[in-house]
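All remarks here apply to the structure that follows.
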Amino acid sequence: MSLKEKIVENILYKIISILCGIGLWFAVTGEKNSDINIDIPLEFKNIPSQYIITNISDQKISLLLGGPSSLLKMITKKELSFPINLSDVQKGKNEIHIYPHMLNLPHNVSVKIVTPSKVTINVDKIVTEVKPVIPKMDGKANKGFKIKDIIVEPNIIKIIGAENEIKKINVLKTEPINIEKRDTSFEVEKNVITDSSHIKSISPNKVKIKVLIEEKTSILKFEDIPIKINAPFAMDSYNIKLNPEKISIQCEISDNLKEGIKKSNFTASINLDVLNNLNTSKKYKVSITSPPEVKILSISSEEATLTITETKNIKKPEK
């Protein structure tokens, strides 16, 4: 097909299209101009991978536009955004100036006012550090019980984020762990949380927590507990000397039971199987009998010295 034939082909449709375009141009150029205010969100692009934005002075800009009403109406119906290239930003404070020519608008639309004329962006370096984890406890254990220990696995985790923010973090905390009215040990899994909005990741973001709960106890002391002698023979015919004759004990007992424990609940004794070594001092182990719920911590004397002498009946001389 020759060039002439190509030009002539569908010439009617081409003429109609040209006439429509000319008519639209005259309609627009002949239309009365007006002004309109619109807000456009800022879109930040191409920030280097080693940086993170920590603060932006403005998230959007306000524009006063002038031009044909039909074009302005078309602009308001579109979802516009203003792209800002951050490929050249540096750590710290960066000022980005907003110029009208940076906006991609129709030829007949002019930008009369841009507010603000510049945007301040704070950028920080992304760093990786490890921080300890401390569980956050909520509530109180049941009466008479306490937390013996808390085991966190893992107890140190890795966080990635803005350098200045991470420097402020001494420890990371978990979601609250409810121990209200607990009286037995338990295990839970909780998320690690941070108040900072500039932490990119926490790894791992969950930890296992073992909460060991035990009864509260008190240390009690009982004094002047007499030492008894248990023997399979009558002791009336002998003189008995015991040193010491009494002892004191220190014990540990649950707070829930301590009110019912008295000195009379304890017995100290020496057990003799046979009688030997008369008139000779000998050390014997002191045995303590106590309630099963009591833990004996210390005894003032674990041994006692026993001396046994036979009683002699001395007869008076006859006159």
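The values are calculated or read from the model by the stated rules, or taken from the named source; none is laboratory data. Every value quoted in this text rests on a predicted model; they were computed, and no experiment measured them. All Cβ positions, even for glycine, are placed from backbone atoms using ideal geometry, and neighbour counts span all protein chains on display.
Overview of results
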{"quantity": "Unmet criterion (only one of (1) part of a loop (DSSP other than H, G, I, E, B); (2) in the same structural domain as residue 159 (by TED's automatic domain parsing); (3) buried (at least 17 other Cβ atoms within 10 Å of the Cβ)) for residue 142", "calculated": "(3)"}
{"quantity": "Residue satisfying condition, being within 25 Å of the chain's Cα centre (by Cα), hydrophobic (A, V, I, L, M, F, W, C) and assigned to a strand (DSSP E or B), within set 113, 147", "calculated": "147"}
{"quantity": "Subset of region 164-174 that is surrounded by fewer than 17 Cβ atoms within 10 Å (Cβ to Cβ) and of a type outside the set (A, V, I, L, M) - its residue that is nearest to residue 138 (Cα to Cα)", "calculated": "173"}
{"quantity": "Residues of region 176-207 that turn out to be of a type in the set (D, E, K, R) and assigned to a strand (DSSP E or B), as a count", "calculated": "5"}
{"quantity": "Unmet requirement for residue 173, which otherwise passes all of (1) touching a strand residue (DSSP E or B) at 6+ places or on another chain (Cβ under 9 Å); (2) outside any strand (DSSP E or B)", "calculated": "(2)"}
{"quantity": "One residue from 42, 72 being surrounded by 12 or more Cβ atoms within 10 Å (Cβ to Cβ), at pLDDT 80 or above and part of a helix (DSSP H, G or I)", "calculated": "72"}
{"quantity": "Qualifying residue in region 205-213 (condition: within 30 Å of residue 54 (Cβ to Cβ), in contact (Cβ under 8 Å) with a residue 12 or more places away in the chain and touching a Ser or Thr at 6+ places or on another chain (Cβ under 7 Å))", "calculated": "yes"}
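Conditions (1) outside any loop (DSSP other than H, G, I, E, B); (2) at pLDDT below 95; (3) within 59 Å of the chain's Cα centre (by Cα); (4) assigned by TED's automatic domain parsing to the domain that holds residue 251, marked per residue:
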site	(1), (2), (3), (4)
279	no, yes, no, yes
284	yes, yes, yes, yes
292	no, yes, yes, yes
306	yes, yes, no, yes
